[in-house]
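What follows is calculated from the coordinates using simple rules that are stated; it is not laboratory data. Here the structure is a predicted model, which is why all the values come from computation and not from measurement. A quick note on method: Cβ atoms are made from the backbone with ideal geometry, for glycine too, and the neighbour counts reach across all protein chains shown.
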Amino acid sequence: MSEGLIKGSDGRMRCWWHGNDPEYLRYHDEEWGRPVHDDVRLFEKVCLEGFQAGLSWLTILRKRENFRAAFAGFNAEKVARFTQKDVERLLGDAGIIRHRGKIEATINNAKCTCDVVDAYGSLAAYFWRFEPDHHQTPRVKADIPPVTDESKALSKDLKKRGFKFVGPTTMYAHMQAMGMVNDHLHGCHVCAEIEKQRAKFKRPV
């Protein structure tokens with residue numbers, strides 16, 4: 001390990017946090033940091049970030065397919081129609097995190113998401129308004145901030161719109177994962193590739 005990079009069994013250098021766990025490694029290589037414009041994926045990530053509170057992301061990642069099945073594929077319109085009966089059903093689902101507050105927050109956030117889509121045309125158009133004008137890809141772990149002015153602004157605006165479990169640290173993790181910033185370290189084998197993707201990415205409006 002060197003300055004936050006670790007070498008995989010394939011000889012490639014990667015950011016340290018996947019720890020060479022196969023599922024986490026795939027997530028690092030194929031998903032994390034790649035720009036996303038799909039509303040379903042954006043809504044899913046907001047929800048799963050909320051469920052992660054107090055837990056590791058790997059725990060959530062290993063349960064992601066269960067979450068998708070439990071929450072109607074993270075179709076916000078469908079989740080917004082969930083009732084108390086659905087809450088009780090989900091509390092009995094051992095495949096997800098059975099936390100009443102987080103389950104109810106997900107249903108609440110689905111309703112708020114529908115309002116955002118009505119106002120901005122898409123969830124993507126809303127989120128990408130908070131992309132920073134300038135962002136330097138980090139060279140070492142210490143260069144990665146836990147929060148930024150943009151994530152604070154996003155968190156504040158979401159809370160004003162009624163969203164829950166959307167603190168500024170959680171929202172910065174969301175921005176990192178969905179490619180609104182590229183926080184792969186210099187020397188990570190996907191860092192430059194993601195910079196190219198971000199350069200070509202058409203921001204939703």
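Of the residues that sit in segment 30-54 and are β-branched (Val, Ile, Thr) and surrounded by 20 or more Cβ atoms within 10 Å (Cβ to Cβ), which one is nearest to residue 193 (Cα to Cα)? Walk me through it before giving the result.
First pass over segment 30-54, keeping only residues β-branched (Val, Ile, Thr): 36, 40, 46.
If we keep only those that are surrounded by 20 or more Cβ atoms within 10 Å (Cβ to Cβ) too, we end up with 36, 46.
On the way: 36: 15, 46: 25 Å.
So, considering only residues that are β-branched (Val, Ile, Thr) and surrounded by 20 or more Cβ atoms within 10 Å (Cβ to Cβ), the one nearest to residue 193 (Cα to Cα) is 36.
If you take the residues of segment 92-114 that are touching a Lys or Arg at 6+ places or on another chain (Cβ under 7 Å) and not β-branched (Val, Ile, Thr), which of them is farthest from residue 42 (Cα to Cα)?
Taking the candidates together, the pick is 95.
So if I check each of 7, 63, 78, which one is exposed (fewer than 14 other Cβ atoms within 10 Å of the Cβ), in contact with a Phe, Trp or Tyr (Cβ under 9 Å, 6 or more places away or on another chain) and either free of Cβ contacts under 8 Å to residues at least 60 places away in the same chain or within 21 Å of residue 141 (Cα to Cα) (or both)? Before you say what the answer is, go through the steps one by one.
Numbers: 7 fails: in contact with a Phe, Trp or Tyr (Cβ under 9 Å, 6 or more places away or on another chain); 63 fails: exposed (fewer than 14 other Cβ atoms within 10 Å of the Cβ).
Of 7, 63, 78, the one residue that is exposed (fewer than 14 other Cβ atoms within 10 Å of the Cβ), in contact with a Phe, Trp or Tyr (Cβ under 9 Å, 6 or more places away or on another chain) and either free of Cβ contacts under 8 Å to residues at least 60 places away in the same chain or within 21 Å of residue 141 (Cα to Cα) (or both) is 78.
Pairs needed: first member in segment 171-199, closer than 18 Å to residue 130 by Cα; second member anywhere, part of a loop (DSSP other than H, G, I, E, B) and of a type in the set (Asp, Glu); C-beta distance under 7 Å; at least 6 residues apart or different chains.
Filtered contacts from segment 171-199: 176/183; 180/131.
Name the single residue, out of those in segment 85-102 being assigned to a loop (DSSP other than H, G, I, E, B) and surrounded by 13 or more Cβ atoms within 10 Å (Cβ to Cβ), that is farthest from the chain's Cα centre (by Cα). Please lay out each step first, then the result.
If we filter segment 85-102 for residues that are assigned to a loop (DSSP other than H, G, I, E, B), which is where we start, we get 92-99.
Those still in the list that are surrounded by 13 or more Cβ atoms within 10 Å (Cβ to Cβ) too: 93, 96-97, 99.
Values: 93: 23, 96: 17, 97: 17, 99: 19 Å.
Per the stated criteria, the residue is 93.
Here are some residues: 139, 161. Which one is surrounded by fewer than 20 Cβ atoms within 10 Å (Cβ to Cβ) and closer than 26 Å to residue 24 by Cα?
Details: 161 fails: closer than 26 Å to residue 24 by Cα.
Exactly one residue qualifies, and that residue is 139.
Checking residue 82 against (1) in a helix (DSSP H, G or I); (2) farther than 21 Å from residue 170 by Cα, only one condition comes out false. Which one?
Result: residue 82 passes all but (1).
Does any residue of segment 164-178 turn out to be in a loop (DSSP other than H, G, I, E, B) and surrounded by 22 or more Cβ atoms within 10 Å (Cβ to Cβ)?
yes
Under 9 Å between Cβ atoms, which residue pairs at least 6 apart in sequence (or on different chains) link something in segment 148-160 that is part of a loop (DSSP other than H, G, I, E, B) with a partner that is among the hydroxyl-bearing types (Ser, Thr, Tyr) and buried (at least 16 other Cβ atoms within 10 Å of the Cβ)?
148/172
Please state which one of 105, 125 is surrounded by 15 or more Cβ atoms within 10 Å (Cβ to Cβ), more than 19 Å from residue 48 (Cβ to Cβ) and out of contact with any strand residue (DSSP E or B) (no Cβ under 7 Å at 6 or more places or on another chain).
Details: 105 fails: more than 19 Å from residue 48 (Cβ to Cβ).
Exactly one residue qualifies, and that residue is 125.
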